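Asks: Here it is: the structure, laid out below.
The values are calculated or read from the model by the stated rules, or taken from the named source; none is laboratory data. If you're wondering where the values come from, they're calculated on a predicted model, not measured in any experiment. We place every Cβ from the backbone using ideal geometry, glycine too, and count neighbours over all the protein chains shown. These area figures cover heavy atoms from the full protein model, side chains too; ligands, DNA and RNA do not enter into them. Shrake-Rupley method; radii C 1.70, N 1.55, O 1.52, S 1.80 Å.
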Amino acid sequence: MSSLSSPSRPNTDIKKVAILFSGGPAPAANAVIGGAALCFARAGVEVYGMLNGYTHLVEYQDGDTLEEGVAYVRLDKNVCDGLRTRQGICIGTARANPGKALKTPEDLEDAEKLAPMETVYKALCSLGIDALVSIGGDDTLTTAAKFKLFMDRKPADAKRIKVVHLPKTIDNDYEGIPFTFGYFSAVEMLAKELRNLLSDSAAAGAGFVCQLMGRAAAWLAYGAAIAGEASAVVGLEDIEESWKTTEVTIDPETGKEVLDANGKPVMRTIVDMSHVVNHLVDVVQAREKEGQKGFVAVISEGVAEFLPLSEIEKCVSHDEYLSLKPDTFGHFPVSQLKYSSRLGRLMAEEYKRRTGKSKKFNGLQFGYEVRCNQPTAYDVCVGSQIGVGCYRALCEMNLNGVMISVNSGSDPMGLSFPKFEELINMSKLRAYPRPIKVGSDMHQLARYLEAWRQ
């Protein structure tokens with residue numbers, strides 16, 4: 001065999017594989033799907049692209065026939081031609097989650113809570129599927145792990161469906177992989193917008209405060225700020241404990257306290273935003289001392305989760321405020337909290353208090369426009385390797401219950417296959433989070449590039 005030899009066709013029991021995509025889109029999604037489907041097809045494995053995630057699988061009923069073109073499409077070599085660099089998701093996506101009710105290992109013994117998993121299993125069996133490839137974020141990873149646990153509990157004579165997971169999130173908040181596919185494509189688009197705003201600010205005098213995606217981790221905010229030459233970046237990770245306090249959670253619609261299962265008020269952690277305001281105005285003044293006229297700040301949306309209710313009410317219209325629903329932990333939907341304009345007004349007030357001068361800071365919110373950006377060459381390579389990696393894991397290595405990872409070792413595009421147990425807190429059936437580590441070199445890079453305030 002030479003270095004130019006084609007891969008040999010493996011001896012595998014897998015004859016049919018289902019691929020599904022769940023959650024928000026990400027650039028290079030089609031590189032992942034195309035890379036996987038192309039290899040499976042060339043190895044003689046039939047590929048079923050399940051349309052819109054788990055949607056049709058969870059709606060299956062005994063005796064149903066999943067309709068081709070409605071519930072799934074076949075992904076053959078011809079379909080994969082030219083797919084790798086195409087924007088969007090060729091099989092669509094949705095947020096249906098058959099593992100939503102499974103929150104503890106004990107729930108795996110509850111037939112009612114397991115019912116959606118059983119439905120998915122029966123639906124896949126109706127198509128003769130031997131392996132499931134799930135592509136998605138941490139929730140989808142957790143669902144894949146739950147499906148594996150569900151399969152492990154099946155009777156010995158039941159059909160076994162293997163499952164592997166492919167990590168997707170432009171938030172990049174994933175254990176087990178350094179950078180997820182689509183992250184740098186999203187950063188690239190955001191960075192261009194930030195550079196445009198910085199030029200606008202330098203020309204017209206007004207500053208900008210930009211709210212970026214990233215609820216639990218500020219990777220996207222930091223990457224975009226560094227690549228886009230933003231003046232300052234603040235993530236949830238940067239909020240110090242001394243800035244936090246608590247308040248009773250109030251339902252905006254009813255005006256009443258939200259109570260827990262024991263009838264006690266749900267307390268929510270909140271942040272005194274004056275600390276963030278002071279920090280950003282410090283940076284504005286430090287830049288002015290350096291002779292820099294423009295100012296663009298980047299704030300990750302996760303900070304909004306900890307705004308006092310009095311501030312939330314000033315961030316959105318009255319109708320939007322009344323429609324906000326806190327979850328059982330007192331958290332509000334951060335994507336709906338457009339707080340950058342409010343933060344800009346508070347900065348303007350503080351700047352005038354310090355200097356006696358007026359300066360405007362415009363608030364903007366970025367998000368959905370980056371999720372289907374044209375993928376960069378790097379993300380196409382990473383996505384393709386992840387897709388090919390799932391084929392190699394299933395058909396060449398006979399693996400089950402693993403995630404496909406790239407760039408985890410000395411080989412720049414090297415594959416690794418961490419087990420679900422390494423990525424999931426099995427006592428809570430939740431994926432481990434991965435915020436930016438304060439003090440890490442990626443975190444400190446932003447500090448070195450911002451105006452020094454000593």
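Asks: Could you pull the accessible area for residue 410 with a 1.4 Å probe, rounded to 10 Å²?
Replies: Per-residue accessible area (residue 410): approximately 130 Å².
Asks: What part of the accessible area of region 1-59, given as a whole %, is carbon or sulfur when the probe is 1.4 angstrom?
Replies: On the way: 1140 of 2420 Å².
It is 47 percent, rounded to a whole number.
Asks: Between 0 and 90 degrees, rounded to the nearest ten: what's the tilt of helix 340-355 against the longest Cα principal axis of the chain?
Replies: Between the helix axis and the principal axis of the chain, the angle is about 30 degrees.
Asks: Quick one: dipole size for the chain, taken about the Cα centre, charges +1 on Lys/Arg Cβ and -1 on Asp/Glu Cβ, in debye to the nearest 20.
Replies: In total the dipole reaches around 880 debye.
Asks: In terms of the Cα gyration tensor, with a ≥ b ≥ c the square roots of its eigenvalues, is region 352-451 rounded because a/c is under 1.5, prolate because a/b exceeds b/c, or oblate?
Replies: prolate
Asks: How much net charge surrounds residue 451 when only the other residues with a Cβ under 11 Å from the Cβ of residue 451 are counted, with Lys and Arg +1 and Asp and Glu -1?
Replies: Working: positive: 287, 289, 447, 453; negative: 282, 288, 290, 450.
Within the 11 Å Cβ shell, the charges total 0.
Asks: Okay, moving on. With charges only on Cβ, +1 for K and R and -1 for D and E, what is the dipole size of region 79-221 about its Cα centre, in debye, rounded to 20?
Replies: Computed about the Cα centre, the dipole is about 340 debye.
Asks: When only Cα pairs under 8 Å and 6 or more residues apart are kept, what is the percent relative contact order across region 228-360?
Replies: 29
Asks: Looking at 346, 303, 262, which one has the Cα that reaches farthest to the positive end of the dipole of region 250-367 (charges on Cβ: Lys, Arg +1; Asp, Glu -1)?
Replies: Value: 346.
Asks: Given the rule -39500 (n - 2.57) for each run of at least 4 DSSP H residues, summed and divided by the residues of the chain, what is its mean residue ellipticity at 222 nm, to the nearest 500 deg cm²/dmol? Can you show the working numbers first?
Replies: Details: 14 runs with 158 residues, N = 454.
Helix contribution divided over all residues of the chain: -10500 deg cm²/dmol.
Asks: Per-residue HN-Hα couplings for region 117-130, Karplus 6.51 cos²θ - 1.76 cosθ + 1.60 at θ = phi - 60°, whole Hz, x for Gly and Pro?
Replies: 5, 4, 5, 4, 4, 5, 5, 5, 4, 5, 9, x, 6, 9
Asks: Still on this structure, I have one more. Post the alpha-carbon centroid distance, region 404-454 to region 160-180, in whole angstrom.
Replies: Taking the Cα centre of region 160-180 as reference, the centre of region 404-454 is 12 Å away.
Asks: Something else: Would you calculate the separation in nanometres between label points at residue 426 and residue 1, each defined as 7 Å from the Cα along the Cα-to-beta-carbon direction?
Replies: Between residue 426 and residue 1, the simple spin-label model gives 3.4 nm.
Asks: Order 452, 243, most accessible first, counting only protein heavy atoms with a 1.4 angstrom probe.
Replies: Greatest to least solvent exposure: 452, 243.
Asks: Say the dipole of the chain comes from +1 at the beta carbon of Lys and Arg and -1 at that of Asp and Glu; which of 194, 236, 382 then lies farthest toward its positive end?
Replies: Positive-end residue among those listed: 194.
Asks: Which percent of the accessible area of region 320-396 is formed by carbon and sulfur heavy atoms (probe 1.4 angstrom)?
Replies: Ligands and nucleic acids excluded, carbon and sulfur give 55 percent.
Asks: Ok, one more. What is the angle, in °, between the Cα long axis of helix 274-290 and the longest principal axis of the Cα atoms in the chain? Nearest 10 is fine, range 0 to 90.
Replies: With rounding to tens, the tilt is 70 degrees.
Asks: Can I ask one more? For mean projected area of the Cα convex hull in nm², several values are listed as (1) 25.3; (2) 19.3; (3) 20.3; flag the one computed from this structure.
Replies: (1)
Asks: Taking amide H atoms as placed 1.01 Å from N in the peptide plane, list the residues 5 or more away in sequence, or in a different chain, whose amide H sits under 5 Å from that of residue 211.
Replies: Result for residue 211 returns 299, 364, 365, 366.
Asks: Ok, one more. Among the aspartates and glutamates, which have Cα under 14 Å from the Cα of residue 15 when same-chain residues fewer than 8 positions away are ignored?
Replies: 46, 76, 130, 396
Asks: Quick one: with all protein chains in place, what share of the accessible area of region 240-299 is carbon or sulfur, to the nearest percent (1.4 Å probe)?
Replies: Accessible surface attributable to carbon and sulfur in region 240-299 totals 46 percent.
Asks: Accessible area per residue of the chain at 1.4 Å probe, in Å²?
Replies: 45
Asks: Specify the angular offset, from 0 to 90 degrees and rounded to the nearest 10, of the alpha carbon long axis of helix 138-152 from the longest principal axis of the alpha carbons in the chain.
Replies: Between the helix axis and the principal axis of the chain, the angle is about 30 degrees.
Asks: Can I ask one more? Give the calculated FRET efficiency between residue 158 and residue 278 to the nearest 0.05, with a Förster radius of 51 Å applied to their Cβ-Cβ distance.
Replies: Efficiency computed from Cβ-Cβ geometry: 0.25.
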